[in-house]
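Participant: Supplied in structure tokens, the structure appears directly below.
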Amino acid sequence: SSFEGKIAFVTGGASGIGLGIAKVLVERGAQVVLADLRQDHIEDALAEFAGNGRSNAVSALQLDVTNREKYREAARRMQDEFGGIDILVNNAGVGLEGPLLEATYADYDFGFGVNLGGVINGFTEFLPQMVAHGRGGHIVSTASLASEVVMPPHLAIYAASKAAVCHFCEAAKAELAEHGIGVSILLPGPVKSRIHETHQNRPDHLREASGFKATEQKLARRIVGENWMEAEQVGRLVADGILADTTYIVTHGYYKDGMRARAEAVLAATPDTQEEAPDFGQFRED
Ligand code: NAI
């Protein structure tokens, strides 16, 4: 099958969407490493793979993607154990929600630290080895449809962190293609997961000063919708997207009108004048 012999490193791989992606990559022949903050999620996930007789294809390591030193150690381990990875899935994220007037720097640091910083750390630690081993590869990063459409209130920090991931990946794509490394952006709508456990994923030093304590207590009680997408279905879309080097992998059509309205509003505000294209290639001689 299509991922035979490939090594995949999946952050947030022990639950929800990351686990769904990991399962499909394993089914299709990959060797997968689950990198996750939560030891309890890791144990659940490994038990599930063991139950399906897939233990040989999976291993796990406890990693906080915001910890650069630990992330560097993890990447070094992948180099030593596997000769480097072929597929990086930057998927770890937290569902930060709350009224802006209640947000503190602890909330900004938490949201941007995991959702954007974790992705940047993934690129920074793994790109050198993916370029050096010369086999090419692929990097998928999980953004959100919340970055493409203005969702209900209280998601500003989340949406901004995800929009940054999306634009970072778009901008990186052409440069990495020169090294045979593909780039995809996963834009999910509602998917069954444990993203409502945000408060359990907060590091202690960003807990006390948070302004979102009440919101996160409420979020913890949110019921996962029956009609939300199964994570393995997302996993199949991602696996196909990797093989086709699809830039955008979108799970739901539900927000299409909102996405179009947003794009059209920007276009409507844009002058029709056809000036000469700016030239950014001129430099002073000094
Ligand atoms: P989840 O909570 O079930 O899975 C996320 C995993 O990431 C958890 O196992 C958690 O322990 C881990 N994690 C959290 N912080 C971490 C850190 N600092 N370092 C390493 N691992 C960490 O949630 P879900 O929904 O599967 O989330 C996966 C990604 O999908 C996230 O980036 C989320 O923002 C995104 N997403 C989810 C949607 C949904 O409806 N479930 C919709 C749009 C985007």
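Participant: Extending each Cα 7 Å along its Cβ direction at LYS213 and GLU226, get the distance between those two points in nm, one decimal.
Facilitator: Simple spin-label model gives 3.7 nm for this pair.
Participant: Give the Rg/Rh ratio for the stretch 59-130, taking Rg as the radius of gyration of the Cα atoms and Rh as the Kirkwood radius, to two decimals.
Facilitator: That ratio equals 1.07.
Participant: Now a separate question. Run the numbers for ARG72 and GLU175: contour at 0.36 nm per residue of separation, minus the present Cα-Cα distance, in nm.
Facilitator: Value of the extension gain: 34.8 nm.
Participant: Moving to a separate point now. Farthest toward the dipole's positive end in the chain, which of PHE110, ALA172, ALA45, given Cβ charges of +1 (Lys, Arg) and -1 (Asp, Glu) about the Cα centre?
Facilitator: ALA45
Participant: Another question, if that's okay. Binned at 5 Å from 0, what are the whole-percent values of the Cα-Cα distance distribution for the stretch 77-205, short to long?
Facilitator: Once binned at 5 Å, the Cα pair distances of the stretch 77-205 give 2, 10, 19, 21, 17, 13, 10, 5, 2, 0.
Participant: Another question, then. Which value in deg cm²/dmol, rounded to the nearest 500, describes the helix-derived mean residue ellipticity at 222 nm for the chain, given -39,500 (n - 2.57) per DSSP H run of n ≥ 4 and division by the residue count?
Facilitator: It lands at -13000 deg cm²/dmol.
Participant: Which translational diffusion coefficient, to the nearest whole µm²/s, is obtained for the stretch 178-240 from the Stokes-Einstein equation, given a Kirkwood hydrodynamic radius over C-alpha pairs, 25 °C and 0.890 mPa s?
Facilitator: 169
Participant: How charged is the neighbourhood of GLY180? Take every other residue with its Cβ under 11 Å from the Cβ of GLY180, and add Lys/Arg as +1 and Asp/Glu as -1.
Facilitator: Around GLY180, the surrounding residues sum to -2.
Participant: Okay, next question. For the pair LYS256/ARG135, report the inter-label distance in nm, with labels modelled 7 Å from Cα in the Cβ direction.
Facilitator: Output for this residue pair reads 3.8 nm.
Participant: Hey, another quick one. In the stretch 7-268, what % of DSSP beta bridges are antiparallel (nearest 5)?
Facilitator: For the stretch 7-268, the DSSP antiparallel bridge percentage is about 0.
Participant: Could you run the Karplus curve 6.51 cos²θ - 1.76 cosθ + 1.60 with θ = phi - 60° over the stretch 271-286 and give me ³J(HN,Hα) per residue in whole Hz, x for Gly and Pro?
Facilitator: Calculated HN-Hα couplings, in order: x, 7, 4, 9, 5, 5, 5, x, 10, 9, x, 9, 10, 5, 9, 8 Hz.
Participant: Counting pairs of Cα atoms in the chain, how many percent are more than 35 Å apart?
Facilitator: 19
Participant: In Å², what does the accessible area per residue of the stretch 76-215 work out to with a 1.4 Å probe?
Facilitator: The answer is 41 Å² per residue.
Participant: Running a GNM on the chain with Cα contacts under 10 Å, which residue among SER15, SER141, SER59 ends up with the highest mean-square fluctuation?
Facilitator: SER59
Participant: If you don't mind, there's one more thing I want to ask. Can you pull a Stokes-Einstein diffusion coefficient for the stretch 218-279 at 4 °C (1.567 mPa s), Rh from Kirkwood over Cα pairs, as a whole number of µm²/s?
Facilitator: 81
Participant: Quick one: putting +1 on the C-beta of Lys and Arg, -1 on the C-beta of Asp and Glu, what dipole do you get for the chain around its Cα centre, in Debye to the nearest 20?
Facilitator: Charge dipole, the chain, about its Cα centre: 800 debye, nearest 20.
Participant: Lys and Arg at +1, Asp and Glu at -1: add these up for the other residues within a Cβ distance under 11 Å of THR251 and post the number.
Facilitator: Residues close to THR251 contribute a combined charge of 0.
Participant: Amide H of ALA92 versus every other amide H placed in the peptide plane: which residues, excluding those fewer than 5 positions away on the same chain, fall under 5 Å?
Facilitator: Correct list: THR11, GLY12.
Participant: Can you tally the lysine pairs in the chain where the Cα-Cα distance is under 20 Å and the two residues are eight or more apart, or on different chains?
Facilitator: Taking the Cα cut-off of 20 Å, the pair count is 6.
The values are calculated or read from the model by the stated rules, or taken from the named source; none is laboratory data. This is a predicted model, so every value here is computed, not measured. Reconstructed Cβ throughout: ideal geometry from the backbone, glycine too, with neighbour counts over all protein chains shown. The area values use the complete protein model at the heavy-atom level, side chains included, leaving out ligands, DNA and RNA. Shrake-Rupley method; radii C 1.70, N 1.55, O 1.52, S 1.80 Å.
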